Amino acid sequence: GDAFHKLLESHSFLEIEKIKGVHFHHQATFIPKTLYNPAQKETYLNFNVSIKEGWTIAEKETEDELIKILYPVNKQTEDILLHYFNNISFTHYAQILYDLSSSASNAEDSMVMNLHMQDDQFDLLLFKGKKLLLFNTYPYNNEAGFLYFVLAVAEEHSLSPKDFSIVFFGKYAR
């Protein structure tokens, strides 16, 4: 509303040359680029997220150009930010997680489980070398719920504790 506009107009950060807006509030969907059909964007995203009226689907690509990332965007909010910040660009936090995780120097056959902790959910990215095997977001309320999903993924991929490493992102405080 008006208070938001006044806040933006009254601060010197409007003069910053490069700003990145990061979307956190809705899950993203990953599609391997080799299987991606732009005409199916809404179908892909609807498996994970419902798209609200007036929203659009943002499409990004990972730095290694292997995966398309789709997520819902409130176009009105982005348009307001674009009005005030000439050089703003947008991304989704899942793209940042993937790019950080995939750029790690993992041995070709090493298994690494990257966990991004949030208050009531966590993202899990499982890599073999630089190849993404799994990306999913799981809800949890306590340590037992968290361990259930981590151990289920390890079992599904036949991983014993000595077969893989875990890397944590985020902050866990309860």
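The values are calculated or read from the model by the stated rules, or taken from the named source; none is laboratory data. Not measured: the values here are computed from a predicted model. We place every Cβ from the backbone using ideal geometry, glycine too, and count neighbours over all the protein chains shown. Please note that ligands, DNA and RNA were not included when accessible areas were found on the heavy atoms of the full protein model with its side chains. Shrake-Rupley method; radii C 1.70, N 1.55, O 1.52, S 1.80 Å.
Brief remarks follow.
- Of the strands (runs of 3 or more DSSP E) lying entirely inside the range 67-170, the ones with 1 or more residues being under 23 Å from Leu45 (Cβ atoms), in contact (Cβ under 8 Å) with a residue 60 or more places away in the chain and among the polar types (S, T, N, Q) are found at 88-92, 131-139.
- Checked against the criterion of being of a type outside the set (Phe, Trp, Tyr), in contact with a helix residue (DSSP H, G or I) (Cβ under 7 Å, 6 or more places away or on another chain), under 30 Å from Leu159 (Cβ atoms) and in contact (Cβ under 8 Å) with a residue 24 or more places away in the chain, the range 30-37 contains one or more residues that satisfy it.
- Within the range 18-29, being more than 18 Å from Ile80 (Cα to Cα) and either open to solvent by 40 Å² or more (accessible area, probe 1.4 Å) or not in a strand (DSSP E or B) (or both) holds for His26, Gln27, Ala28.
- If you go through the range 94-111 and keep only what is under 8 Å from the mean Cα position of the chain (by Cα) and either crowded, with 18+ Cβ neighbours inside 10 Å or among the small types (Gly, Ala, Ser) (or both), you end up with Ala94, Gln95, Leu97, Tyr98.
- Positions within the range 112-127 being out of contact with any His (no Cβ under 6 Å at 6 or more places or on another chain) and under 13 Å from Tyr98 (Cα atoms), in sequence order: Val112, Met113, Asn114, Leu115, His116, Leu124, Leu125, Leu126, Phe127
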